[in-house]
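Visitor: Below you will find the structure I want to go over with you.
Please treat every number below as a calculation from the coordinates, not as lab data. Predicted model only: the values in this text are computed from it and were never measured. No Cβ is skipped: glycine too gets one built from the backbone with ideal geometry, and neighbour counts run over all protein chains shown.
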Amino acid sequence: MTEDATPAGLSSATRAIRAGRVHNDTALAPVLWASSTFVADGVEEAHRFATDITMPKFYGRHSNPTVADFQHAVADLEGAEASRAFASGMGAISAVILGLCSSGDHIVAQSQLYSHTQLLFQAVCPRFGIDVTFVDGTDPDAWDAAIIPGKTALCFAETPANPKLALVDLERFGAIKGPMTVVDGTFAPPVVQRPLEYGVDLVVHSATKSIAGHNDAILGVVSGSEELLAWIRGFAILHGAVASPFDALNGLRGIRTLAVRLRQQTETAIVLAEMLEAHPAIDRVFYPGLPSHPQFALAQRQLDQPGGLITFDLAGGRDAGRQLVNRVELAQLATSLGGPETLLTHPASTTHVGLLPEELHAAGIGEGTVRMSCGLEGVDDLVADLGQALDSIC
Ligand SMILES: *Cc1c(COP(=O)(O)O)cnc(C)c1O
């Protein structure tokens, strides 16, 4: 546990308020330590700071007090021994993969992944002699079947996963022996899901999303054992994708309201998911809080709340998708999730516009697939807005 860990037995909501205050002095709010370097009190102290990269007052690429407080807070919420922040979620993911795997190693990753994580596995890993096998992450047996004993170094899961909010059974995934297990938990932050409790080795988050939660930071974080984090820190100072103190400050600010934001976003998502499911313009809704989700029972077991993300397929395909995202007035068309504003994305006409229908299908995306991140607006206003846009395309 980190040096300022909150006492055992407190709820996540309380931990989110108390954690990450070591470098606050008497300030109540997080302090922005903008300095890139720190003055040592003599050569002995300089030596200690230079040789222990957990020391937060040496040089900003090694560590920083504001970033350290953000890391403490995340570790506390995850139930981790340690965390390391990065300049982005991809900074965290690439440091885990390239920091822990070597030429000749093998990785098993699920095929349902954030697009850039997939690109890292497909395009970058092979250049470094790292083979990757993709499996259906929802099939617990597929992971075991793909592991090559003595060669598979790492298994990488994302849960809930892009784009259809499919789940990986964390109990089965955490029980994998041999390779390191890594979960990207961006869609379910630690007040909702804690993969380390299942025996998973590392959990990564794009803290850009729900954790910072206000669309004003690009930030990533990895949590796990002190032993693994020591290795990741060693690589991180060479990799150089360090979190900016300002983004870490926004991350820590976000953590304070994470529980209440998620509760509100979940409440809204349940109302909107039910509304969508009943609307004739909709072919299918994917939401872990609906009994129609193919893994509803698993969602009830491993997610404290189903969260604020809903993915749905419009019956009218690509045209309907384009019309919907153009006709909503309150909800906005933007990439990202977990913030105060309700956002829609239509991958077939934006992020995945270059793909043929069969390629879209292989990526788990339909021509009429829309992903919605429920924000903090009044739920009745969102129901009215989505309703008028859907009614207009029927
Ligand atoms: C956004 C996202 C990432 C990448 O995070 P950045 O902060 O944008 O680098 C990784 N995984 C998932 C699931 C994401 O949603």
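Visitor: Identify all aspartates and glutamates with a Cα-Cα distance to Lys151 below 13 Å; exclude those on the same chain that are fewer than 8 residues away in sequence.
Guide: Straight-distance partners of Lys151: Asp105, Asp131.
Visitor: How high is the relative contact order of the range 83-146, in percent, counting Cα pairs under 8 Å that sit 6 or more residues apart?
Guide: 34 percent
Visitor: Ok, one more. Return the loop-located chymotrypsin sites (Phe, Trp or Tyr not before Pro) in the range 42-148 (DSSP other than H, G, I, E, B) with at most 12 other Cβ atoms within 10 Å of their own Cβ; answer none if there are none.
Guide: The qualifying sites: there are none.
Visitor: What residue among His72, His205, His116 has the largest mean-square fluctuation in a Gaussian network model of the chain, using Cα springs under 10 Å?
Guide: Between His72, His205, His116, it is His116 that shows the largest mean-square fluctuation.
Visitor: May I ask you to give the average projected area over all directions of the convex hull of the Cα atoms of the range 231-271, in nm² rounded to one decimal?
Guide: With every direction weighted equally, the projected area is 4.4 nm².
Visitor: Checking the cross-link filter: which lysines have an alpha carbon closer than 18 Å to that of Lys164, excluding same-chain neighbours under 8 positions apart?
Guide: Lys209
Visitor: Okay, moving on. Can you pull the semi-axes for the chain, root of five times each eigenvalue of the Cα gyration tensor, sorted largest first, whole Å?
Guide: 35, 25, 18
Visitor: How about Lys177: which aspartates and glutamates have a C-alpha closer than 14 Å to its C-alpha, ignoring those fewer than 8 places off in the same chain?
Guide: Lys177 reaches Asp141, Asp144, Asp201.
Visitor: Equivalent ellipsoid semi-axes for the range 258-393, as square roots of 5 times the alpha carbon gyration tensor eigenvalues: give them largest first, rounded to whole Å.
Guide: Square roots of five times the eigenvalues give 22, 18, 14 Å.
Visitor: Right, here's the next one. Hey, got a sec? Which GluC sites (Glu not before Pro) in the range 274-351 land in a DSSP loop and have at most 15 other Cβ atoms within 10 Å?
Guide: In loop regions of the range 274-351 (DSSP not H, G, I, E or B), the sparsely surrounded GluC sites (Glu not before Pro) are Glu329.
Visitor: Rounded to the nearest 10 degrees, what's the angle between the helix 245-256 long axis and the longest principal axis of the chain, both from Cα atoms, 0 to 90?
Guide: Compared with the principal axis, the helix lies near 60 degrees.
Visitor: Right, something else. Amide H to amide H, which residues 5 or more places from Leu154 or on other chains are under 5 Å from it, using H placed in the peptide plane?
Guide: His106, Val108, Met180
Visitor: In what sequence, highest mean first, do 25-38, 286-299 appear when ranked by Cβ atoms within 10 angstrom?
Guide: Taking the mean over residues of other Cβ atoms within 10 Å, the ranking is 286-299, 25-38.
Visitor: Right, something else. Roughly how large, in nm² to one decimal, is the mean projection of the convex hull of the alpha-carbon atoms in the range 169-282?
Guide: 9.5 nm²
Visitor: State the antiparallel share, in %, of DSSP beta bridges confined to the range 12-256, rounding to the nearest 5.
Guide: The answer is about 40 percent antiparallel.
Visitor: Also: If each Cα of the range 238-302 is one equal point scatterer, what is log10 of I(q)/I(0) from the Debye formula at q = 0.15 Å⁻¹?
Guide: At q = 0.15 Å⁻¹ the computed log10 ratios are -0.69.
Visitor: Where Lys and Arg each count +1 and Asp and Glu each count -1, what net charge lies around Phe121 among other residues with Cβ under 13 Å from its Cβ?
Guide: Result for the local shell: -3.
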